[in-house]
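Novice: Could you have a look at this structure, given as structure tokens, before my questions?
The values are calculated or read from the model by the stated rules, or taken from the named source; none is laboratory data. Please read these numbers as outputs of a predicted model, since none were measured by experiment. Cβ: placed from backbone, ideal geometry, glycine included. Neighbour counts: every protein chain shown. Heads up: the accessible areas ignore ligands, DNA and RNA and are worked out on the full protein's heavy atoms, side chains in. Shrake-Rupley method; radii C 1.70, N 1.55, O 1.52, S 1.80 Å.
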Amino acid sequence: MPANTPSIQETIEQLKCCVVIPTYNNQKTLKKVISGVLGYTENIIIINDGSTDDTAKILSEFTYLTRIQLQENKGKGNALKIGFKKAIELGFSYAITIDSDGQHFPEDIPVFVNALKKETTKNVLYIGARNMGQTDVPKKSSFGNKFSNFWFWFETGIRLTDTQSGFRLYPILELKELKFYTPKFEFEIEIIVRAAWRGTLVKNLPVQVTYNEEERVSHFRPFKDFTRISILNTWLVLIALLYIKPRDLYRRFKKKGFKQFFKEDVLQSDDSPRKKAFSIALGIFIGLSPLWGLHTVLVISLAVFFRLNKVIAFAFSNVSLPPFIPFVLYASSKIGQFLLGEKHSYTLEDMTTNFEVLKHVKTYIVGSVTLATISAITLGLLAYLFLTVFDKRKVVGQNG
């Protein structure tokens, strides 16, 4: 190592980083974990989450470390929140968390520290990615991780290989203003989802893992904790669909403007003309449908389900923005009257003041669905033809 290259210990100090260890009844492995971490730093905060074994006796050997004793076991999430709060009080900006059950290797601490040192943004959250294909990894852990990875992707759009590892680096100063509601294992899902929503970069880093069933004590309760996690994911999905995804798409669309958006996200998108055309058709169909108040949720959900372009579908669903609503209502009413053989006398002005068309709901719904279908098919086909021609020209241009 060159003389001017700082050691891992020095880098940890420079980055204002500490290690937070929550523990509950892990007397067989706790001392080994602490001793391993001490090889890199003494900036250690240990939260004894109401242990009833010899944990307190073991911790009495480490009086020079920051120790927090909780009288009652209230869950890993609660212990981590207390540890983060203490870390901020002590002046730390980052906290590496490591489980006390011995499955993680303290020797991987430099993986997090070196990555943070090289990272272009310091608002980053690292999750240690375990090799879930190892022979000693329980099948239930592998399944649970895949389940969690899918919902994290759905809620944030970020693909990770491991979202359940407790070996992490948190930018605690960046996250200190966020309020968290979950106290147990599900906290580790809540915090990465809400951090991603806030703009924190969430990434995986490869780490080692071992499952020694003779020493390791897991407090994960399959039924209760899986139920809690499922309830949390249901809530996060609703927030994502109703607020986060529409917010992000709107910001992206507004920032670019329609001309730049159409050029970059439609014309220059790597998606095929067929996929882009279907996305446009879906957006127009939902935007003109009579399902007011549900347009955003439906268009994003269907775009995800059919693996279409969410941004394009969302943008074209805004065909029913407030300035266009009277025209959509008027056209839907006229088409409905034609199809049902009815005749109602009200003008476009009537609908802009008191929405007269809604007094004849059946006529409006029939016309609205018809208008949405015809418009989606027509404009979808036109978009497909245009995008196919443009795509061919782009290929010819690229090939000279």
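Novice: Which one is surrounded by the fewest Cβ atoms within 10 Å (Cβ to Cβ), of the residues in segment 142-175 that are farther than 21 Å from Val113 by Cβ and among the basic types (Lys, Arg)?
Specialist: Arg159
Novice: Shifting gears a bit: Can you tell me which residue among Leu238, Leu242, Leu249 is free of Cβ contacts under 8 Å to residues at least 40 places away in the same chain and aliphatic (A, V, I, L, M)?
Specialist: On the way: Leu242 fails: free of Cβ contacts under 8 Å to residues at least 40 places away in the same chain; Leu249 fails: free of Cβ contacts under 8 Å to residues at least 40 places away in the same chain.
The conditions single out Leu238.
Novice: For Ile300, indicate whether it is more than 16 Å from Ala240 (Cα to Cα) and either open to solvent by 30 Å² or more (accessible area, probe 1.4 Å) or touching a residue at least 12 places away in the same chain (Cβ under 8 Å) (or both). Lay out the reasoning, then the answer.
Specialist: Values: more than 16 Å from Ala240 (Cα to Cα): no; either open to solvent by 30 Å² or more (accessible area, probe 1.4 Å) or touching a residue at least 12 places away in the same chain (Cβ under 8 Å) (or both): yes.
No; evaluated as a whole, the condition is false for this residue.
Novice: With the requirement that a residue be open to solvent by less than 70 Å² (accessible area, probe 1.4 Å), modelled with pLDDT of 70 or more and polar (S, T, N, Q), what does segment 125-141 give you? Quick ask: steps written out before the conclusion?
Specialist: Filtering segment 125-141 for residues open to solvent by less than 70 Å² (accessible area, probe 1.4 Å) gives 125-130, 132-134, 136-138, 141.
Adding the requirement that they be modelled with pLDDT of 70 or more leaves 125-130, 132.
Hits for segment 125-141: nothing passes.
Novice: Tally time: how many residues in segment 74-121 are touching a Cys at 6+ places or on another chain (Cβ under 6 Å) and of a type in the set (A, V, I, L, M, F, W, C)? Break it down stepwise before answering.
Specialist: At the first step, the residues of segment 74-121 found to be touching a Cys at 6+ places or on another chain (Cβ under 6 Å) are 87, 92, 94-95.
Next cut, of a type in the set (A, V, I, L, M, F, W, C) only: 87, 92, 95.
Summing the residues that are touching a Cys at 6+ places or on another chain (Cβ under 6 Å) and of a type in the set (A, V, I, L, M, F, W, C) in segment 74-121 gives 3.
Novice: Right, something else. Consider Ser35 carefully, then state whether it is of a type in the set (Ser, Thr, Tyr) and surrounded by fewer than 14 Cβ atoms within 10 Å (Cβ to Cβ). Full working, then the answer.
Specialist: Numbers: of a type in the set (Ser, Thr, Tyr): yes; surrounded by fewer than 14 Cβ atoms within 10 Å (Cβ to Cβ): yes.
For Ser35, the condition - of a type in the set (Ser, Thr, Tyr) and surrounded by fewer than 14 Cβ atoms within 10 Å (Cβ to Cβ) - is met.
Novice: Here's something else I'd like to know. Enumerate the pairs (first residue in segment 103-119 and closer than 13 Å to Leu38 by Cα; second residue anywhere and of a type in the set (A, V, I, L, M) and outside any loop (DSSP other than H, G, I, E, B)) with beta-carbon separation below 6 Å, excluding pairs fewer than 6 apart on the same chain, so at least 6 apart or on different chains.
Specialist: Pro106/Val37; Pro110/Ile8
Novice: From the list Thr23, Thr11, Thr55, Thr66, which one is among the polar types (S, T, N, Q), within 21 Å of Pro171 (Cβ to Cβ) and open to solvent by less than 10 Å² (accessible area, probe 1.4 Å)?
Specialist: Numbers: Thr23 fails: within 21 Å of Pro171 (Cβ to Cβ); Thr55 fails: within 21 Å of Pro171 (Cβ to Cβ); Thr66 fails: open to solvent by less than 10 Å² (accessible area, probe 1.4 Å).
After applying the criteria, what remains is Thr11.
Novice: If Lys224 satisfies every condition in (1) at pLDDT 90 or above; (2) open to solvent by 70 Å² or more (accessible area, probe 1.4 Å); (3) not in a loop (DSSP other than H, G, I, E, B) but one, which is the exception?
Specialist: Going through the list (1) at pLDDT 90 or above; (2) open to solvent by 70 Å² or more (accessible area, probe 1.4 Å); (3) not in a loop (DSSP other than H, G, I, E, B), Lys224 breaks only (1).
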